[in-house]
2 protein chains.
Amino acid sequence: MTPVVGRGAGSPAPRSADVARVAGVSRKTVSRVLNNEPYVSDEVRRRVLEAAGELGYRLNHAARALASGRNRSIGVVALGTAGYGTASLLVGIERAVRDAGYALRVVNTADGDPEGIAGAVMSLLEQGVDGVVVSEPIVEGEVSVRVDVPVLFLGAPPAFASARTLTVGVGAYALARAATDHLLDLGHTTVHHLAGPRQWYASKDRIEGWRAALAARGAHEPPLVEGDWSPASGYAAGRELASDSSVTAVFAAGDEMAIGLIHALREAGRRVPEDISVVGFDGNPVFAYVTPPLTTVRQPFDAAAQQGIRLLVHAIEEPETDLPPASEPPVELVVRGSTAPPPSRQGQTARPTT
Amino acid sequence: MTPVVGRGAGSPAPRSADVARVAGVSRKTVSRVLNNEPYVSDEVRRRVLEAAGELGYRLNHAARALASGRNRSIGVVALGTAGYGTASLLVGIERAVRDAGYALRVVNTADGDPEGIAGAVMSLLEQGVDGVVVSEPIVEGEVSVRVDVPVLFLGAPPAFASARTLTVGVGAYALARAATDHLLDLGHTTVHHLAGPRQWYASKDRIEGWRAALAARGAHEPPLVEGDWSPASGYAAGRELASDSSVTAVFAAGDEMAIGLIHALREAGRRVPEDISVVGFDGNPVFAYVTPPLTTVRQPFDAAAQQGIRLLVHAIEEPETDLPPASEPPVELVVRGSTAPPPSRQGQTARPTT
DNA sequence: TTGAAAGCGCTAACAC
DNA sequence: GTGTTAGCGCTTTCAA
């Protein structure tokens, strides 16, 4: 066993008064040192730190929060599913929050009912968070909570009233356009879209980007197919689409749906990408290793989380001054093996964008 | 816009004293009602609840924690990666913690250095959590922190000293055995193992299960190949293994590594499962839709999280009484298309287990 | 069944 | 630079 640091379970936890006594200073001075406040001599600072170390002193956040009214904690309403996207975003958020010197409280909502979001926010507020993050996957639906701390909506427009509301997108619209344009550039007459559930903001952005890309080329807009993000729903959509011989290109709103889709297509005897091209959405690296490797667009989860938290912390700490509007992260198209020119133009050169 | 509930930003937040005044009772009585304590008449209880509702009162957790010494919160040390496994476990933990009426604080550690774990636990302790969960993916290495709250190790043996230590496994050993046995049952002479990083407990359990299965059949134990959980590392291992014509079966310690592995194998002209069978580990449903569909074992993330949190909460709330030891969850082998009898026995019936 | 007073451990405001 | 005093909003005695 390793030598352990810290007091045994017997003696009571040391308080700041104990540190003060040992260091021969007042409680306030200890507080100053612990909070990195100015106007403390280096000598005293050193003594206090040493005393704290000796005693195994640990600051009591609850007491600090009560006295100061600030918690240095941020709450996040996440989605109760374990997808690559959600998880990546959460990891990014955690990192950014930690780097900013805040603690993270997490509450999940079941597959995004508005009730759940309201309840989740309430519970976060009770916990005294200084700010709230509502992460991308959020349903449409009005929520009746009024919160008095800043709220960051990551990847979705504000869903409820708040004193200060921030929004940071992941650039889904531009990504969807890029995905669709890629297919169009390859020479496909039009592109079908396998969308996420209608109620999700995440779906809407992608639909709009797809639609805009089509419109810009004067391409016909085929009817939308709707999935629920799961590979199974992609598979179901694929069975449907496979029977329509006019389909040569599909843009799926999620990598996993794209995988299910491709599977159904191939089962039905349609080759990918020779007969039908498929583009996914997310950028999970594992799909570079399936057959065919999936062409996709990469969502800038980390960049979005970082930027969003920076804004949120700014709103918490300096409510007065404004921060410049968030810059959209670059669009990243990852071309792999699931896309090719349509059968009619096989072997020809792709038509370049203007 | 929807009608909003709650006070505006103008007036100060109501305190329990305000509720007491409106309800015409003492502060202590309000406290009793809010904590569901006995000895309050139904009439008074109703009045208090009504007053709280009217005022939009929200209990202050920091004050409660300070006064009572209990936080009703649990901290989890998670891994800073966004894999399916980690994310599933975290979601399961969140749900279980929430169901138990606790709040969740999350701290990630960078790819699992002991320093990071110690720091993460410290920061959780400062936040005043009543219990800590160190989730499965944890490195070997002694950590010198002494904590005075119960600690749950999910999927790994204790990594440091604590007043009360709990351990709940995900049954990785049994799952690894089942995966290996499945391959052996199919008639393979032996099974290669693509392991996770040596320092991870998660890797060790799987290695031991694999080893035990081999030993039980008197099968030769081929040298271990080591990856880092990533599909890229699986791919690298696959290129290596493909050149060895004696390899007919591989058990990979993670689904993603298995996918990379299969890709390399097929690129090298080895068919899966005809020439080489591959079994993964985790159970991510999306891999049912790749070619070939991946045979794998499902990790019981939810069950483990639920059971673990139940134990932890018990340890927090009733330190005296013991809970019966946790029961191992059932082993679930998901047989899909990536496994078959070895080339030499193709077309024959698989040898059944005793 | 209810209430009054005394803190929980820290920071804020002001003095020195 | 440093110390003093007074709470933050709740729960805990203990008394009624």
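In table form, for the structure just shown:
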quantity: Qualifying residue in segment A:48-61 (condition: in a helix (DSSP H, G or I), closer than 30 Å to A:Gly308 by Cβ and within 16 Å of DNA strand C (Cβ to nearest atom)); calculated: yes
quantity: Contacts under 8 angstrom Cβ, first residue in segment A:134-161 being over 20 Å from B:Leu55 (Cα atoms), partner modelled with pLDDT under 60 and outside any loop (DSSP other than H, G, I, E, B), 6 or more apart; calculated: A:Val139/A:Pro114; A:Gly141/A:Pro114; A:Glu142/A:Pro114; A:Ala159/A:Pro114
quantity: Meets criteria (among the charged types (D, E, K, R) and at pLDDT below 95) for B:Asp275; calculated: no
quantity: Condition check for A:Gly85: more than 8 Å from every other protein chain (Cβ to nearest Cβ) and under 29 Å from A:Arg32 (Cα atoms); calculated: no
quantity: Residues located in segment A:192-212, provided they are touching a His at 6+ places or on another chain (Cβ under 9 Å) and of a type outside the set (D, E, K, R); calculated: A:Ile207, A:Trp210
quantity: Qualifying positions in segment A:308-326 - surrounded by fewer than 24 Cβ atoms within 10 Å (Cβ to Cβ), in contact (Cβ under 8 Å) with a residue 12 or more places away in the chain and part of a helix (DSSP H, G or I); calculated: A:Arg310, A:Leu311, A:Val313, A:Ala315, A:Ile316
quantity: Residue satisfying all of: in segment A:274-298; over 22 Å from the mean Cα position of the chain (by Cα) and crowded, with 23+ Cβ neighbours inside 10 Å; farthest from the other protein chains (Cβ to nearest Cβ) among these; calculated: A:Ser277
quantity: Flag if B:Arg64 is out of contact with any helix residue (DSSP H, G or I) (no Cβ under 7 Å at 6 or more places or on another chain), within 16 Å of DNA strand D (Cβ to nearest atom) and at pLDDT 90 or above; calculated: yes
quantity: Selection count, segment B:242-272, where residues are surrounded by 24 or more Cβ atoms within 10 Å (Cβ to Cβ) and away from every other protein chain (no Cβ under 14 Å); calculated: 5
quantity: Residues that are in a strand (DSSP E or B) and not β-branched (Val, Ile, Thr), drawn from segment A:290-307; calculated: A:Arg298
quantity: Top-ranked residue of segment A:67-87 - restricted to ones that are surrounded by fewer than 23 Cβ atoms within 10 Å (Cβ to Cβ) and in a helix (DSSP H, G or I), ranked as farthest from DNA strand D (Cβ to nearest atom); calculated: A:Thr86
quantity: Cβ-Cβ under 8 Å pairs, at least 6 apart or on other chains, segment A:35-47 side closer than 22 Å to A:Asn60 by Cβ and more than 14 Å from chain B (Cβ to nearest Cβ), far side within 10 Å of DNA strand C (Cβ to nearest atom) and among the aliphatic types (A, V, I, L, M); calculated: A:Val40/A:Val33; A:Val44/A:Val33; A:Arg45/A:Val33
quantity: Subset of segment B:100-109 that is more than 15 Å from DNA strand D (Cβ to nearest atom) and within 9 Å of chain A (Cβ to nearest Cβ) - its residue that is nearest to B:Gln199 (Cα to Cα); calculated: B:Asn108
quantity: Positions within segment B:10-31 being away from DNA strand D (no atom under 11 Å from the Cβ) and hydroxyl-bearing (Ser, Thr, Tyr), in sequence order; calculated: B:Ser11
quantity: Residue list for segment A:35-54, filter: buried (at least 17 other Cβ atoms within 10 Å of the Cβ) and under 19 Å from B:Gly119 (Cβ atoms); calculated: A:Ala52
quantity: In segment B:88-99, residue nearest to B:Trp200 (Cα to Cα) [restricted to those that are touching a strand residue (DSSP E or B) at 6+ places or on another chain (Cβ under 6 Å) and facing another protein chain (nearest Cβ under 8 Å)]; calculated: B:Leu90
quantity: One residue from B:Val33, B:Val40 being near DNA strand C (Cβ under 9 Å from one of its atoms) and within 23 Å of A:Gly128 (Cβ to Cβ); calculated: B:Val33
quantity: Number of the exception - B:Leu194 against (1) under 23 Å from B:Phe153 (Cβ atoms); (2) modelled with pLDDT of 95 or more; calculated: (1)
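Let's see how each residue does on (1) outside any loop (DSSP other than H, G, I, E, B); (2) in the same structural domain as B:Val313 (by TED's automatic domain parsing):
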| position | (1), (2) |
| --- | --- |
| B:Pro157 | no, yes |
| B:Ala176 | yes, no |
| B:Leu183 | yes, no |
| B:Thr189 | no, no |
| B:Pro197 | no, no |
| B:Ala202 | yes, no |
| B:Arg206 | yes, no |
| B:Arg211 | yes, no |
| B:Glu221 | no, no |
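The values are calculated or read from the model by the stated rules, or taken from the named source; none is laboratory data. Nothing here was measured: the structure is a model prediction, and the numbers come from that model. All Cβ positions, glycine included, derive from the backbone under ideal geometry; neighbour counts span all protein chains shown.
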